[in-house]
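Data first, discussion second: the structure below is written as structure tokens.
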Amino acid sequence: MVTGARYDGLLADGMAHHLRRATQAINASWQSHAGDLTPVQFAVVQVLDERGSLDQTTLGSLAAVDRSTLTPLLDRLAARGLLTKTVDPANRRRQLVTLTSAGHERAARGRIQAQETSRWIEELLGPESLATLTLLLKQIGDAGAAGGRGASEGDGKWHRR
């Protein structure tokens, strides 16, 4: 029986377990609408569509993608003709990432795909619950981006890092 966020050792009661299952369901819905762009790839393409050319560090930060994931992801998107990477003339150590016209077109289709997935979740939960869920997930994501929380010294308690 699910009793909330407290985990008593049963998998069926684990919030993280249900979050993983929800992620799988959302990703399956996303892929069924257009399987050529993963949710992470869409985040990168969408940020570039919204902001224009960006250096890789800024892009990774805005799309919430770590460097070890971002570099090969950008290479795959560049190979598909969705973006280009060039050396920043103002700072030769930086790479600038720019969407191509095909990348802008794919971003537009991705927004439709994201709206369809969002509509599916809204139909399932209702608009109020979807808004609450979105705010709660943003709060968790923001906490993780700010350094998160982690267990320390094996005491089983959560401490701010």
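Being over 22 Å from Thr134 (Cα atoms), in a helix (DSSP H, G or I) and hydrophobic (A, V, I, L, M, F, W, C) narrows it down to one residue among Leu74, Leu19, Leu96; which is it?
Leu74
Considering only region 70-83, state which residues are within 14 Å of Ala107 (Cβ to Cβ) and open to solvent by less than 20 Å² (accessible area, probe 1.4 Å).
Leu77, Leu82, Leu83
Please work out which residue is surrounded by the fewest Cβ atoms within 10 Å (Cβ to Cβ), limiting yourself to region 60-69 and to residues that are out of contact with any Ser or Thr (no Cβ under 9 Å at 6 or more places or on another chain) and assigned to a helix (DSSP H, G or I).
Ser68
Residue check, Gly35 against (1) of a type outside the set (Phe, Trp, Tyr); (2) in a helix (DSSP H, G or I); (3) out of contact with any Ser or Thr (no Cβ under 9 Å at 6 or more places or on another chain), all met but one. Which one?
(2)
Given the residues Gly52, Gly126, which is the only one that is surrounded by fewer than 13 Cβ atoms within 10 Å (Cβ to Cβ), out of contact with any strand residue (DSSP E or B) (no Cβ under 6 Å at 6 or more places or on another chain) and touching a residue at least 24 places away in the same chain (Cβ under 8 Å)?
Gly52 is the lone residue from the list that is surrounded by fewer than 13 Cβ atoms within 10 Å (Cβ to Cβ), out of contact with any strand residue (DSSP E or B) (no Cβ under 6 Å at 6 or more places or on another chain) and touching a residue at least 24 places away in the same chain (Cβ under 8 Å).
Could we say that Val40 is of a type in the set (Val, Ile, Thr), modelled with pLDDT under 90 and surrounded by fewer than 16 Cβ atoms within 10 Å (Cβ to Cβ) here?
Considered against the rule, which asks whether it is of a type in the set (Val, Ile, Thr), modelled with pLDDT under 90 and surrounded by fewer than 16 Cβ atoms within 10 Å (Cβ to Cβ), Val40 comes out as no.
Report yes if Thr117 is in a helix (DSSP H, G or I), at pLDDT below 90, touching a helix residue (DSSP H, G or I) at 6+ places or on another chain (Cβ under 9 Å) and surrounded by 12 or more Cβ atoms within 10 Å (Cβ to Cβ), otherwise no.
Criteria met by Thr117.
Please determine, by comparing only the residues of region 9-34 that are of a type in the set (Gly, Ala, Ser) and more than 16 Å from the chain's Cα centre (by Cα), which one is surrounded by the fewest Cβ atoms within 10 Å (Cβ to Cβ).
Gly9
The values are calculated or read from the model by the stated rules, or taken from the named source; none is laboratory data. These figures come from a predicted structure and were not determined experimentally. So basically every Cβ, Gly included, is an ideal-geometry build from the backbone, and we count neighbours across all protein chains shown. The area values use the complete protein model at the heavy-atom level, side chains included, leaving out ligands, DNA and RNA. Shrake-Rupley method; radii C 1.70, N 1.55, O 1.52, S 1.80 Å.
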